[in-house]
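A.B. asks: I'd like to ask you about the structure that follows.
The values are calculated or read from the model by the stated rules, or taken from the named source; none is laboratory data. Model, not experiment: these values are computed from the prediction. Positions of Cβ are generated from backbone atoms using ideal geometry, with glycine treated the same way; all protein chains shown enter the neighbour counts. With ligands, DNA and RNA removed, areas are computed over all heavy atoms of the protein, side chains included. Shrake-Rupley method; radii C 1.70, N 1.55, O 1.52, S 1.80 Å.
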Amino acid sequence: MTLRSIFLAGIFAGAAALPQTRTQAQAVGELLPPRLDGGMDIHHINTGEGAAAYFILPDGTTMMVDCGDGGDIKRPPQYKAPRLPDESRPPAEWVARYIEKFRPAGDGALDYLVISHFHSDHMGGVPGLGRLMPIRKILDRGWPDYGRPSAFTGEFADKYKAALKDQIERHHAVVERFKPGATDQIVLRKESAKYPGFEIRQLMANAEVWTGQGTQARSRFPATEEPNENACSTGFRLRLGPFDYYTGGDIPGVLTAEASLKTPLSAGRGPVKEWRDMESPVAWVTGPVDVAMLNHHGGSDTTNAFFLSVLQPRVMLAQIWATPQVSPAVLQRLLSEDIYPGPRDIFTTNGLWPGRKEHLVATYGEEAALRHAAGLEKLTATQGHLVVRVAPGGATYQMIVLEDSDESFRIKSVHGPYESR
């Protein structure tokens, strides 16, 4: 071993030791201890109604990615997860109360709000959240005209645009269009000079993907084709030293996907044009990560083998709210060591709520559904708020699952520490 490798090994060993002492205080049944200065928490808040992630960055800068409210989505009874902790408040209020519990000391404003795309399970709660707290900067895929490549119009769009107008008028919010390739739209607002290893690289929006060169991005779709809303999702890679985290909204990546395991894959859907695979070009420029949010909640049109083979996440998360999330085919790929070797832990915000097994049977047939349900029950953790706690400098991180059936937020389980790549 060279002197340089001995020196580096000593540095990383010292960095890894720091969060392990904090692990002893993170006992099941207790409250989450405060974040260490220079560390980072990513809270995946479970309301049962869609996506909502709250970030506390190393210097205390705060960011929200999505605030879903899928209450307008019509589905059969028990197809959807129950609202949590209960039905007494809309999701935006539950999210705001969660933020109030964990936010750093300060004026209570949210520094950034990023909208992945314009579906209610990702941003239906934004108008309600805006009524409850000021937001300094809002990034979405459509500002200011919400036209090409896919127009955002209608009653739902009008409510969202009115919420932006209110934030601008009352709180002087800045609203910008999310730019693939950029690293200067989301920055540390308080002490950025102290954390040179921090970066958020914006990977895609409106079916444009960062090329990996400078800040250049190119459209995945030809000019004659209009991407659907999921393909327009925004996404980014967050980096703190050696730690990397990926989130990509609902981008698709599987060209043909099963409508049901009772039918051949080819019968599940007609041919899909090759450029509708957004995951593969995104994977090229993302590279390996430590933690990955599953695209489209682990739905059947996502998480292709190439995407997984490049990212190779040690930890995977899914904010699920509907019976087919995570799908059987996706779960098989997540667990396959033929796609990439080594251990991996999988966490979901919701498990087998009452009625879900019956819907699985109706969708996939009894044998496949029961086998899939058994697989879901064996995931690392299947119910709760999911917190990624990153140690100062990013050398290690933990997964901490918090109670979601009430507002005690007590620790249900602790996993790690994991070593960052």
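A.B. asks: I'd like to verify a number: residues in the range 107-121 that are open to solvent by less than 60 Å² (accessible area, probe 1.4 Å) and closer than 26 Å to Pro34 by Cβ, how many?
C.D. replies: Number of matching residues: 7.
A.B. asks: If the requirement is being at pLDDT below 95, within 30 Å of Gly287 (Cβ to Cβ) and of a type outside the set (Phe, Trp, Tyr), which of these qualifies: Pro343, Pro324?
C.D. replies: It is Pro324.
A.B. asks: Considering only residues that are open to solvent by 40 Å² or more (accessible area, probe 1.4 Å), assigned to a helix (DSSP H, G or I), touching a strand residue (DSSP E or B) at 6+ places or on another chain (Cβ under 7 Å) and closer than 21 Å to Thr234 by Cβ, which ones fall in the range 156-180?
C.D. replies: Result: Ile168, single match.
A.B. asks: Out of all the residues in the range 122-137, is one or more more than 15 Å from the chain's Cα centre (by Cα), open to solvent by less than 10 Å² (accessible area, probe 1.4 Å), closer than 17 Å to Ser233 by Cα and without any contact (Cβ under 8 Å) to a residue 40 or more places away in the chain?
C.D. replies: Looking through the range 122-137, none of the residues is more than 15 Å from the chain's Cα centre (by Cα), open to solvent by less than 10 Å² (accessible area, probe 1.4 Å), closer than 17 Å to Ser233 by Cα and without any contact (Cβ under 8 Å) to a residue 40 or more places away in the chain.
Yes or no, residue by residue, for (1) surrounded by 15 or more Cβ atoms within 10 Å (Cβ to Cβ); (2) in contact (Cβ under 8 Å) with a residue 60 or more places away in the chain; (3) in a loop (DSSP other than H, G, I, E, B):
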{"site": "Leu334", "(1), (2), (3)": "yes, no, no"}
{"site": "Tyr340", "(1), (2), (3)": "yes, no, yes"}
{"site": "Ile346", "(1), (2), (3)": "yes, no, no"}
{"site": "Asn350", "(1), (2), (3)": "yes, yes, yes"}
{"site": "Trp353", "(1), (2), (3)": "yes, yes, yes"}
{"site": "Val361", "(1), (2), (3)": "yes, no, no"}
{"site": "Ala368", "(1), (2), (3)": "yes, yes, no"}
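A.B. asks: Name the pairs: first residue in the range 27-41 and over 18 Å from Asp404 (Cβ atoms), second residue open to solvent by 80 Å² or more (accessible area, probe 1.4 Å), Cβ to Cβ under 8 Å, at least 6 apart or on different chains?
C.D. replies: Leu36/Leu18; Gly38/Lys194
A.B. asks: Return the residues of the range 186-208 that are outside any loop (DSSP other than H, G, I, E, B) and open to solvent by 50 Å² or more (accessible area, probe 1.4 Å); say none if nothing qualifies.
C.D. replies: Listed by number, the residues that qualify are Ser192, Ala193, Lys194, Glu199, Glu208.
A.B. asks: Could you say which residue among Thr153, Thr183, Thr215 is open to solvent by 20 Å² or more (accessible area, probe 1.4 Å), of a type in the set (Ser, Thr, Tyr) and touching a Lys or Arg at 6+ places or on another chain (Cβ under 6 Å)?
C.D. replies: Exactly one residue qualifies, and that residue is Thr183.
A.B. asks: Inside the range 305-332, can you point out the residues that are of a type in the set (S, T, N, Q), open to solvent by less than 20 Å² (accessible area, probe 1.4 Å) and farther than 26 Å from Ile400 by Cβ?
C.D. replies: Correct list: Thr323, Ser327.
A.B. asks: (1) touching a strand residue (DSSP E or B) at 6+ places or on another chain (Cβ under 8 Å); (2) of a type outside the set (Val, Ile, Thr); (3) outside any helix (DSSP H, G or I): which one isn't true of Gly147, the others all being true?
C.D. replies: (1)
A.B. asks: Glu366 fails exactly one of the following numbered conditions: (1) over 17 Å from the mean Cα position of the chain (by Cα); (2) under 20 Å from Tyr54 (Cα atoms); (3) among the charged types (D, E, K, R). What is the number of that condition?
C.D. replies: (2)
A.B. asks: If the Cβ limit is 6 Å and pairs must be 6+ apart or interchain, which residue in the range 71-97 that is closer than 15 Å to Asp406 by Cβ pairs with which residue that is open to solvent by 40 Å² or more (accessible area, probe 1.4 Å)?
C.D. replies: These pairs meet every condition: Pro85/Ser405; Pro85/Asp406.
A.B. asks: Oh, and also: Is it the case that some residue within the range 152-164 is among the polar types (S, T, N, Q) and either under 18 Å from His119 (Cβ atoms) or touching a Cys at 6+ places or on another chain (Cβ under 9 Å) (or both)?
C.D. replies: Within the range 152-164, one or more residues are among the polar types (S, T, N, Q) and either under 18 Å from His119 (Cβ atoms) or touching a Cys at 6+ places or on another chain (Cβ under 9 Å) (or both).
A.B. asks: Further, regarding this structure: Which residues, counting only those in the range 387-413, are buried (at least 20 other Cβ atoms within 10 Å of the Cβ) and under 21 Å from Gln319 (Cβ atoms)?
C.D. replies: The answer is Val387, Val388, Arg389, Val390, Tyr397, Gln398, Met399, Ile400, Val401, Leu402, Asp404, Ile411.
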